[in-house]
Amino acid sequence: MGVCPRYHARVTGLQTTTVRERLLDAAFELVEKNGWNRLRVAHVAAAAGVSRQSAYNEFGSKDSLGEALVFREFERHLLGLQECLLDQQDDVESAVGAAVLYTFRQAAASALLTGILTSARNGWGGSEDLVELVRRRSEPLLPYAVQAVADLVARNRPDLEQRYVALAIDTVVRVTIGYIVTPDGPLEDAARRIALVAVRILGTDRVR
């Protein structure tokens, strides 16, 4: 199974200079460490090295900061996942396996991303947890991701029958989330099994 580029790691390693990015980086670290409910805008501002007023000027409220943080992390993960698929687009099984393994590893490294992908409430500090906040206020994120991946496949693999592509993507997403919630065996093995399911849905053991 091929290994796709570590997009998320590269992005988070960039030197960001805007106040907004500094605040989001600081919020990410604090949420990962202490959870959402214990977060205060003043703490984020201090960690980012800006004034509390500057933080409020940028986001307006803690809830708006939380939404921006979730959308940024989700978008980063989606871009990395798409990069995995493009990197091995001529070999569907390898591409899907790499994208699934990328998702497993990124989720294992980030409680925030795990919460985003699974809408998990565990460990987020009660009724006002961050993921629940975004789920109440916004359009669902996962259908957006499924559509984005479907559009990517349609542009780059028009030879595949698109009605089966949509079914394969939906199935892969649901099974991948299931493995994140209840892991079973080595991640590499799980990724291979999920990739095999995808190519079987597409009608062959190895679509090229």
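The values are calculated or read from the model by the stated rules, or taken from the named source; none is laboratory data. Model, not experiment: these values are computed from the prediction. Heads up, the Cβs are rebuilt from the backbone with ideal geometry, glycines too, and the neighbour counts pull from every protein chain shown. Just the protein is used for accessible areas: all its heavy atoms, side chains included, with ligands, DNA and RNA removed. Shrake-Rupley method; radii C 1.70, N 1.55, O 1.52, S 1.80 Å.
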Tell me, please, whether a residue that is closer than 16 Å to A95 by Cα, assigned to a helix (DSSP H, G or I) and of a type in the set (D, E) can be found in region 169-176. yes
Checking A108 against (1) touching a residue at least 24 places away in the same chain (Cβ under 8 Å); (2) crowded, with 17+ Cβ neighbours inside 10 Å, which test does it fail? (2)
Scan region 52-78 residue by residue and report those that are open to solvent by 60 Å² or more (accessible area, probe 1.4 Å) and either assigned to a loop (DSSP other than H, G, I, E, B) or under 16 Å from I116 (Cα atoms) (or both). F71, E75
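Quick grid of which residues meet (1) modelled with pLDDT under 85; (2) open to solvent by 50 Å² or more (accessible area, probe 1.4 Å); (3) within 24 Å of E67 (Cα to Cα):
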{"position": "A98", "(1), (2), (3)": "no, no, no"}
{"position": "R135", "(1), (2), (3)": "yes, yes, yes"}
{"position": "E139", "(1), (2), (3)": "yes, yes, yes"}
{"position": "Q147", "(1), (2), (3)": "no, yes, yes"}
{"position": "I194", "(1), (2), (3)": "no, no, no"}
Listed residues P158, P183; which is over 22 Å from G80 (Cβ atoms), open to solvent by 70 Å² or more (accessible area, probe 1.4 Å) and not in a helix (DSSP H, G or I)? P158
